[in-house]
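The values are calculated or read from the model by the stated rules, or taken from the named source; none is laboratory data. Keep in mind that this is a model prediction, so the values were computed, not measured. With ideal geometry, Cβ positions are generated from the backbone for all residues, glycine too; neighbour counts draw on all protein chains shown.
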Amino acid sequence: MPSQVMEGVKPTRMDLLQVRKRKNLAVKGHKLLSEKRDALVSHFFEIISQRREKREKMEQQLQRAFQAFIQAEMIMGEQQVRDVSEYGQKSCELNIDSTSIMGVRVPKINLHMASMDLPYTMIGTVGKLDEAVKYFKEALETIVSVAEIETSVEQLGKEIEKTKRRVNALEHIFLPKLEDTIIYIERQLEEREREDFFRRKRMKALMEEHA
């Protein structure tokens, strides 16, 4: 018996039909999983491209915000900027939901911030501080978007690897084993038919001799 033949299978026509059905299902499953893998990989690279763009945007926004902030400190003084910042602290709220990409749950993060109106009196401040506040708020929105994308990349990457393992298992283990089992049963049945044929032929010859 070949080493790839499935255990517990008997060389009968009924088992042959059952194994053929299992092979047909495995072929369909392999096709569906391969299509899912390819679609996931396509989505994965789309999101990777978005991540690159968002990261570049985030870095530019943060650089611009810090430049404005440093210039405001140079004009107003570090202590006054700190006092204004503490006075104007506002909380923000994150609402985390999820959406599905090819059956994979990925996060959908919504950021709710206070109004864009500056939370301090204009007296004693300079335009650069106003710019810094505006730029930091814009950067925060992009940071949240980057976090959403990073998590999506991680989740899709895990699902792609899991789907690849399933495709490979079907392609290199399960399907070959089914095919070998079918060949084994067919050969056993053919051998049995040949034996039956020669047995009947001998019996006929013996009957003719004694006729």
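If you take the residues of region 12-43 that are β-branched (Val, Ile, Thr) and under 30 Å from the mean Cα position of the chain (by Cα), which of them is nearest to GLY103 (Cα to Cα)?
Here the residue is VAL41.
Do you know which residues across region 11-47 are among the basic types (Lys, Arg) and without any contact (Cβ under 8 Å) to a residue 40 or more places away in the chain?
Once the filter is applied, which keeps residues that are among the basic types (Lys, Arg) and without any contact (Cβ under 8 Å) to a residue 40 or more places away in the chain, region 11-47 yields LYS21, LYS28, LYS31.
Determine, yes or no, whether ILE149 is of a type outside the set (Gly, Ala, Ser), closer than 25 Å to ARG37 by Cα and surrounded by fewer than 12 Cβ atoms within 10 Å (Cβ to Cβ).
Criteria not met by ILE149.
Can you confirm whether region 189-198 contains a residue that is basic (Lys, Arg), buried (at least 17 other Cβ atoms within 10 Å of the Cβ) and out of contact with any Gly (no Cβ under 7 Å at 6 or more places or on another chain)?
no
Yes/no per residue for (1) in a helix (DSSP H, G or I); (2) at pLDDT 85 or above; (3) touching a strand residue (DSSP E or B) at 6+ places or on another chain (Cβ under 7 Å):
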site: ARG22; (1), (2), (3): yes, yes, no
site: ALA26; (1), (2), (3): yes, yes, no
site: LYS57; (1), (2), (3): yes, yes, no
site: GLN61; (1), (2), (3): yes, yes, no
site: ILE75; (1), (2), (3): yes, no, no
site: ARG82; (1), (2), (3): yes, no, no
site: ASN95; (1), (2), (3): no, yes, yes
site: SER115; (1), (2), (3): no, no, no
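Against the definition (in contact with a Gly (Cβ under 8 Å, 6 or more places away or on another chain) and either surrounded by 12 or more Cβ atoms within 10 Å (Cβ to Cβ) or not basic (Lys, Arg) (or both)), how does LEU156 come out, yes or no?
no
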